[in-house]
Structures are given as C-alpha cells and as structure tokens.
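Below is one structure, written out as structure tokens; the observations come after it.
Every number here is computed from the coordinates shown, using simple stated rules; none is lab data. Predicted model only: the values in this text are computed from it and were never measured.
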Amino acid sequence: MAAIRFSLHATAPFLYNDKCQAIPEASIEALQAKLAALQGEKEELIRQHREALDAKETYVSGLKEQLIQLGLKHIEAMKTAQAAAEARLNEALEDANNSTVVLRAELEEGAKARQAAEEGLTRRWLPGKMPPQVRARCVDEVHRRRCAAPTRRPHLDRRLPSMPAGM
C-alpha cells in the first residue's frame, strides 16, 4: 500500500503519495464546504430526531397518565360493585336465616299439634279397645293403599277384565 504524505509548505499545500498525485487546493476547499454542509444536515437531522422523540415521550406520558386514571377508576368501580354484592349477599343470608327460624317454629308447632293429637287418640282408644267401626275404616284404608300401589312384579298388575279390581 502506498504511503500518503502531506506537505505543509505554505506555497504548495498539496497532498502527495508515492506516485505524486496532487489535489488542487480548490477541490479541498470544495470538500471542506461539502463536509460542513453534511455536518449541518446531520445536526439538523439530529435536532429533528430529538424533537420527534420529545413529542413521542410527551404523547406516551399522556397515555400513561390516562391509563393510570382509568385504572384508578376501574379499581374504585370494582370496590363499589364488590361492596354492593356483599350487601346483597348479607341481605339474602339474613332473609334465609329469618325464613329458617320461621320454618323451624312452624315445624315445632306442627310437631306439638301432631303429638297432642296422637296423645288424644291414645287416651281415647287404648290398643285393643278400638271401636269396630274405626278399626274397619283403618283396615279398609290400608287395603286400598296396597291395591292402588304398583307391585314389584309388573306382570301381576295386569288383571283379567272378568276379575274384580280388589282380587
């Protein structure tokens, strides 16, 4: 590779290499002017790029602030909805508890009434001393229920048309 030498002589400011090619001073000045123009263009592009970045940062920070505000509103709305749901749940539980208390009281009243009725019957008719009409009614009722209920053997449920239903 050829070595490049510079001449700093005031009368001959030329660039030399081993082959001694000279670059005129006018072309160096033109290159310097072109370099200065390119550097100015570079500076302008850097400034435009910085302005664009600043504009984007401003826009992004605005969006970020909006997102934060929307998030806070959403959290507040969720808290309100949760509080309303808890209130409805508590009201439903209270209604259920009240209904349970009422039903238990009614069941207790019914059990007391049934027990009183049973005690009244046992006092009136001791076992073995039941009047024949009552005993016949009870037997007929039991027999009717047995005949009305389906049997475990469906083929026996089919009765012949000539047979009475009670057989």
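Per-structure values
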{"quantity": "Under the Karplus curve 6.51 cos²θ - 1.76 cosθ + 1.60, θ = phi - 60°, whole-Hz ³J(HN,Hα) for region 70-82, x wherever Gly or Pro sits", "calculated": "5, x, 5, 5, 5, 4, 5, 5, 5, 5, 5, 5, 5"}
{"quantity": "Shape of region 31-123, Cα gyration tensor, a/c cut at 1.5", "calculated": "prolate"}
{"quantity": "Extension gain (nm, one decimal) between residue 116 and residue 44, 0.36 nm per residue minus Cα-Cα", "calculated": "15.3 nm"}
